[in-house]
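To start, the structure itself, in structure tokens.
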Amino acid sequence: LTIMGDAGMESNITPPDSTTQQDSLFSMTDVFLISLITGLLTYWFFFRKKKEEIPDLPKIQSVAAPARDSSFIEKMKKTGRNIVVFYGSQTGTAEEFANRLSKDAHRYGLRGMAADPEEYDLSDLSRLSEIDKSLAVFCMATYGEGDPTDNAQDFYDWLQEADADLSGLRFAVFGLGNKTYEHFNAMGKYVDKRLEELGAQRIFELGLGDDDGNLEEDFITWREQFWPAVCEHFGVEATGEESSIRQYELVVHTDVNMNKVYTGEMGRLKSYENQKPPFDAKNPFLAHVTENRKLNEGGERHLMHLELDISNSKIRYESGDHVAVYPANDSSLVNQIGEILGVDLEMIMSLNNLDEESNKKHPFPCPTSYRTALMYYLDITNPPRTNVLYELAQYATDAGEQERLRKMASSAAEGKALYLSWVVEARRNILAILQDMPSLRPPIDHLCELLPRLQARYYSIASSSKVHPNAIHICAVTVEYETKTGRLNKGVATNWLKNKVPDENGSNCLVPMYVRKSQFRLPFKPSTPVIMIGPGTGIAPFIGFIQERAWLKQQGKEVGETVLYYGCRHEREDYLYREELARFHQEGVLSQLNVAFSRDQAEKVYVQHLLKKNKENIWKLLNEGNAHIYVCGDARNMARDVQNTFYEIVAEFGNVTQPQAVDYVKKLMTKGRYSLDVWS
């Protein structure tokens with residue numbers, strides 16, 4: 001721009017007519033130039049200093065207040081640790097396993113620490129060899145369709161880009177996955193393979209835990225072979241039997257300011273009273289339930305549609321995203337635990353970490369009451385893991401009960417079988433165990449230390465933000481079943497949501513929530529055809545998809561074929577969103593509405609049967625229309641059967657072999673044309 005300005009000035013200068021004029025012009029020019037140079041020098045002198053001073057201030061501040069202590073090496077050196085156990089955890093299980101492994105280390109004269117990879121600079125792995133007898137263990141869960149967990153995303157990105165020399169690093173990996181998913185244990189496998197590629201030395205084979213089977217047993221089996229391998233590698237021996245070591249100490253607050261006491265908040269104290277965006281897992285938004293209606297017309301189950309008001313929250317979502325809600329436990333279960341253990345649940349206490357260097361100061365927000373801990377922070381409904389039984393055994397005064405608990409916590413085949421039948425298959429939670437073992441009466445503070453955290457529950461959003469920018473819709477079915485012991489077990493979140501029926505003032509109907517982004521997305525071009533397959537509550541994201549396609553059509557966009565395959569048990573009982581779907585079909589937004597009623601006839605009919613029936617049309621949409629396929633719902637049976645059906649269709653109409661058809665579908669997945677949002 002300056003050059004253009006100068007050129008413009010030059011073109012306007014008139015050539016001089018005489019020498020006098022020229023002399024006069026030069027003298028004026030000299031004065032002008034001297035003034036200009038003086039002015040520029042003055043300006044530069046003063047403003048140069050300011051420009052130099054300004055950047056120094058944030059630098060000083062950032063040094064004075066670092067965002068995080070990112071060197072786990074320095075922390076290990078400072079605290080005398082030689083084993084670090086990193087965890088990639090979405091629901092808390094991998095973190096729990098990491099804590100158990102780090103506690104194990106003391107039995108072998110070693111010292112361990114569990115670490116969240118999100119809190120540290122993982123490029124420091126190349127320096128771990130500076131510590132004698134050092135080892136890095138990775139407990140890595142796989143989330144969704146082969147993705148890393150939220151807290152392991154940065155570590156995953158670093159591994160992909162890193163060209164670090166990890167030749168001095170010794171490592172082992174235990175993966176947590178589920179065989180019903182397409183990408184079983186993808187994260188554990190990738191970390192194990194990539195660390196070896198970067199030169200690290202594997203000291204024990206990759207462990208693959210399967211949550212569809214018995215994850216706890218998989219972990220115990222791997223762990224009991226892992227430690228002997230560590231001993232052999234480092235030339236150390238076990239110092240004795242596994243002993244119970246408390247990680248936290250109890251502090252009872254008799255005179256405490258109640259404004260300093262947590263009442264269910266996930267992060268910041270009083271965050272539910274004074275809400276501040278942005279909202280996430282550590283700072284959920286309290287959304288009002290504006291609608292809660294039963295969707296099914298009959299049957300034993302309760303299927304429901306809820307609407308959460310997110311006005312003024314600045315929360316943004318897209319069709320296909322997930323909403324996470326933090327539920328509360330059933331107050332009657334909490335009261336029964338209090339009664340059995342004979343404690344005052346209103347007592348205010350803190351559990352403080354005995355390791356002062358630990359980043360985790362408390363197992364849950366403290367100070368708080370035992371009632372709040374059991375209601376909002378602790379998982380009291382899932383069968384406890386073997387390490388909990390082992391720690392609790394010392395409090396059983398009956399020798400037979402104590403032996404039974406220790407046996408179930410052992411690695412012996414008989415003990416594993418007993419744990420599987422008596423705890424896992426019988427679905428005994430901690431209350432049931434206390435009821436069935438009358439001599440087992442542990443101190444409530446130790447029980448609170450041992451129980452895992454109550455986790456957020458994820459639901460596929462059943463609305464489009466284009467149509468409902470200030471609301472998030474949920475479609476869910478309440479979980480309720482009788483156990484082998486005759487007890488009635490209820491799903492924590494769905495039964496809690498079921499009772500969130502708005503009244504006139506709506507005070508009872510608040511749901512702590514946040515949005516988790518998903519890869520389950522409509523095609524970028526609205527003209528691309530979509531084939532949606534979602535029986536039962538798997539319909540949820542497709543209600544959002546259809547709403548969005550209808551909105552795009554209203555905007556005058558060219559919208560491709562929108563095909564739905566939906567299934568339920570009975571047409572007159574549990575046909576969800578029947579009126580809405582019929583309207584969309586009538587308006588032409590839904591090109592095809594294919595519904596399978598599985599139990600309305602002698603032979604069961606499922607969505608995959610309808611796909612086979614319409615196989616020619618499916619192939620045309622897929623092959624000629626470049627359609628995108630979406631599958632939502634049960635991973636164990638439905639998703640697998642649907643995928644096998646697509647293999648058959650591709651093999652038949654593509655005139656290829658079965659392995660080639662499998663490869664074709666896998667490539668669709670890689671290209672983002674075959675997407676899954678499934679659960680088991």
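Name the one entry in LEU593, LEU621 that is modelled with pLDDT of 95 or more and under 19 Å from GLN547 (Cα atoms).
Values: LEU621 fails: under 19 Å from GLN547 (Cα atoms).
LEU593 is the lone residue from the list that is modelled with pLDDT of 95 or more and under 19 Å from GLN547 (Cα atoms).
Tell me which residues, restricted to segment 343-384, are under 28 Å from ASP211 (Cβ atoms), modelled with pLDDT of 95 or more and open to solvent by 40 Å² or more (accessible area, probe 1.4 Å).
The answer is HIS362, TYR376, ASN382.
Determine if segment 178-200 includes at least one residue that is in contact with a Phe, Trp or Tyr (Cβ under 8 Å, 6 or more places away or on another chain) and assigned to a strand (DSSP E or B).
So far as segment 178-200 goes, no, none of its residues is in contact with a Phe, Trp or Tyr (Cβ under 8 Å, 6 or more places away or on another chain) and assigned to a strand (DSSP E or B).
Report, by residue number, each residue of segment 299-310 that is touching a residue at least 40 places away in the same chain (Cβ under 8 Å) and open to solvent by 20 Å² or more (accessible area, probe 1.4 Å).
Quick first cut of segment 299-310, residues touching a residue at least 40 places away in the same chain (Cβ under 8 Å) only: 299, 301-310.
The answer is GLY299, ARG301, HIS302, GLU307, ASP309.
Is at least one residue of segment 525-546 under 21 Å from LYS314 (Cα atoms) and in contact with a Ser or Thr (Cβ under 9 Å, 6 or more places away or on another chain)?
Initial filter on segment 525-546 (under 21 Å from LYS314 (Cα atoms)): 544.
Subsequent filtering for residues that are in contact with a Ser or Thr (Cβ under 9 Å, 6 or more places away or on another chain) retains 544.
Yes, segment 525-546 contains a residue that is under 21 Å from LYS314 (Cα atoms) and in contact with a Ser or Thr (Cβ under 9 Å, 6 or more places away or on another chain).
Scan segment 457-477 residue by residue and report those that are open to solvent by less than 60 Å² (accessible area, probe 1.4 Å), under 15 Å from VAL289 (Cβ atoms) and assigned to a loop (DSSP other than H, G, I, E, B).
ALA462, SER463, HIS468
Please indicate, with yes or no, whether at least one residue in segment 447-456 is without any contact (Cβ under 8 Å) to a residue 60 or more places away in the chain, surrounded by fewer than 20 Cβ atoms within 10 Å (Cβ to Cβ), closer than 18 Å to THR386 by Cα and not aliphatic (A, V, I, L, M).
We begin by selecting, within segment 447-456, every residue without any contact (Cβ under 8 Å) to a residue 60 or more places away in the chain; these are none.
Scanning segment 447-456 turns up no residue that is without any contact (Cβ under 8 Å) to a residue 60 or more places away in the chain, surrounded by fewer than 20 Cβ atoms within 10 Å (Cβ to Cβ), closer than 18 Å to THR386 by Cα and not aliphatic (A, V, I, L, M).
Looking only at segment 90-103, count how many residues are crowded, with 21+ Cβ neighbours inside 10 Å and closer than 15 Å to THR239 by Cα.
Residues meeting the conditions: 0.
Six or more apart or on different chains, Cβ under 9 Å: which pairs go from a residue in segment 359-378 that's outside the structural domain of ALA114 (by the TED database) and within 20 Å of VAL256 (Cα to Cα) to one that's assigned to a helix (DSSP H, G or I) and of a type in the set (Lys, Arg)? Could you list them?
So the pair list comes out as PRO367/LYS260.
Looking at THR263, THR239, which one is more than 22 Å from the chain's Cα centre (by Cα), over 17 Å from HIS362 (Cβ atoms) and touching a residue at least 12 places away in the same chain (Cβ under 8 Å)? Before you say what the answer is, go through the steps one by one.
On the way: THR263 fails: over 17 Å from HIS362 (Cβ atoms).
Exactly one of THR263, THR239 is more than 22 Å from the chain's Cα centre (by Cα), over 17 Å from HIS362 (Cβ atoms) and touching a residue at least 12 places away in the same chain (Cβ under 8 Å), namely THR239.
Check segment 386-398 and report whether any residue there is among the β-branched types (Val, Ile, Thr), more than 25 Å from GLN455 (Cα to Cα), open to solvent by 20 Å² or more (accessible area, probe 1.4 Å) and modelled with pLDDT of 95 or more.
Initial filter on segment 386-398 (among the β-branched types (Val, Ile, Thr)): 386, 388, 397.
After this cut, where a residue has to be more than 25 Å from GLN455 (Cα to Cα) as well, the list is 397.
From the residues that got through so far, the ones that are open to solvent by 20 Å² or more (accessible area, probe 1.4 Å) too are 397.
This time we only want the ones that are modelled with pLDDT of 95 or more, so: 397.
Yes, segment 386-398 contains a residue that is among the β-branched types (Val, Ile, Thr), more than 25 Å from GLN455 (Cα to Cα), open to solvent by 20 Å² or more (accessible area, probe 1.4 Å) and modelled with pLDDT of 95 or more.
From the list ASN637, ASN644, ASN626, ASN655, pick out the single residue that is under 33 Å from the mean Cα position of the chain (by Cα) and in a loop (DSSP other than H, G, I, E, B).
None of the others qualify; the one that does is ASN626.
Here's the yes/no breakdown for (1) exposed (fewer than 15 other Cβ atoms within 10 Å of the Cβ); (2) assigned by the TED database to the domain that holds ASN637; (3) closer than 15 Å to GLY88 by Cα:
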position: GLY168; (1), (2), (3): no, no, no
position: PHE171; (1), (2), (3): no, no, no
position: LEU176; (1), (2), (3): no, no, yes
position: MET187; (1), (2), (3): no, no, yes
position: ALA200; (1), (2), (3): no, no, no
position: LEU208; (1), (2), (3): no, no, yes
position: ASP211; (1), (2), (3): no, no, no
position: GLU217; (1), (2), (3): no, no, no
position: GLU224; (1), (2), (3): yes, no, no
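Considering only residues that are open to solvent by less than 50 Å² (accessible area, probe 1.4 Å), closer than 28 Å to CYS475 by Cα and not in a loop (DSSP other than H, G, I, E, B), which ones fall in segment 246-286?
Result: ASN283, PHE285, LEU286.
Do you know which of the residues in segment 584-597 that are open to solvent by 40 Å² or more (accessible area, probe 1.4 Å) and assigned to a helix (DSSP H, G or I) is nearest to LEU611 (Cα to Cα)?
Selected residue: HIS585.
From the list ASP600, ASP574, which residue is part of a loop (DSSP other than H, G, I, E, B), loosely packed, with under 15 Cβ neighbours inside 10 Å and not hydrophobic (A, V, I, L, M, F, W, C)? Talk me through it step by step, then tell me what you get.
Values: ASP574 fails: loosely packed, with under 15 Cβ neighbours inside 10 Å.
When all the criteria are applied, what remains is ASP600.
The values are calculated or read from the model by the stated rules, or taken from the named source; none is laboratory data. As the structure is a prediction and not an experimental result, all values here were calculated from the model. Neighbour counts run over all protein chains shown; Cβ positions are idealised from the backbone, glycine included. Accessible surface is based on the protein model in full, side chains and every heavy atom, while ligands, DNA and RNA are left aside. Shrake-Rupley method; radii C 1.70, N 1.55, O 1.52, S 1.80 Å.
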